[in-house]
1. Between GLY39, GLY52, which is under 18 Å from LYS17 (Cα atoms) and part of a loop (DSSP other than H, G, I, E, B)?
2. Within segment 55-77, track down each residue that is closer than 27 Å to ASP100 by Cα, part of a strand (DSSP E or B) and not aliphatic (A, V, I, L, M).
3. For segment 1-25, give me each residue that is assigned to a strand (DSSP E or B) and out of contact with any helix residue (DSSP H, G or I) (no Cβ under 7 Å at 6 or more places or on another chain).
4. Collect the residues in segment 87-102 that are assigned to a strand (DSSP E or B) and either of a type outside the set (Val, Ile, Thr) or in contact with a His (Cβ under 9 Å, 6 or more places away or on another chain) (or both), keeping them in residue-number order.
5. Can you tell me which residues in segment 24-49 are at pLDDT 95 or above and of a type in the set (Gly, Ala, Ser)?
6. Please go through segment 9-52 and pick out each residue that is closer than 14 Å to ASP74 by Cα and either loosely packed, with under 12 Cβ neighbours inside 10 Å or more than 12 Å from the chain's Cα centre (by Cα) (or both).
7. For residues in segment 53-102 being hydrophobic (A, V, I, L, M, F, W, C) and exposed (fewer than 14 other Cβ atoms within 10 Å of the Cβ), which is nearest to the chain's Cα centre (by Cα)?
Amino acid sequence: MAAKIKKGDRVVVLAGKDKGRTGEVAKVLPTENRVMVTGINMVQRHTRPSQGDPQGGIKNKEASLHLSNVAIADANGKASRVGFRMEGDKKVRFAKTTGDVI
């Protein structure tokens with residue numbers, strides 16, 4: 001089945017502590033049904049000093065979100081479901097709210 005959400009898409013968070021915020025998909029983890037969104041779902045990790053990071057300490061990083069908790073943002077910035085249709089001989093994704101091709 002074709003992916004409804006891909007890297008580079010603008011998405012709206014539907015649930016969780018960042019509900020309502022929008023961001024760009026940085027990474028998709030299809031086997032785990034999760035996505036990484038830039039600037040969303042930030043968590044703090046305590047890291048031990050290492051050769052790559054001699055300072056160590058508390059670092060902020062993005063955690064993944066489940067695919068069910070994000071939706072594509074349409075042209076108006078609202079959450080939209082994704083549909084597929086054929087345009088000529090090419091299969092394209094479109095936003096169900098506006099009908100615009102993503």
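The values are calculated or read from the model by the stated rules, or taken from the named source; none is laboratory data. Fair warning: this is a prediction, and the values are worked out from it, not measured in the lab. Heads up, the Cβs are rebuilt from the backbone with ideal geometry, glycines too, and the neighbour counts pull from every protein chain shown.
1. GLY39
2. HIS66
3. ARG10, VAL11, VAL12, THR22, GLY23, GLU24, VAL25
4. GLU87, LYS90, LYS91, ARG93, PHE94, ALA95
5. ALA26
6. Once the filter is applied, which keeps residues that are closer than 14 Å to ASP74 by Cα and either loosely packed, with under 12 Cβ neighbours inside 10 Å or more than 12 Å from the chain's Cα centre (by Cα) (or both), segment 9-52 yields only GLY20.
7. For segment 53-102, the residue satisfying everything is ALA63.
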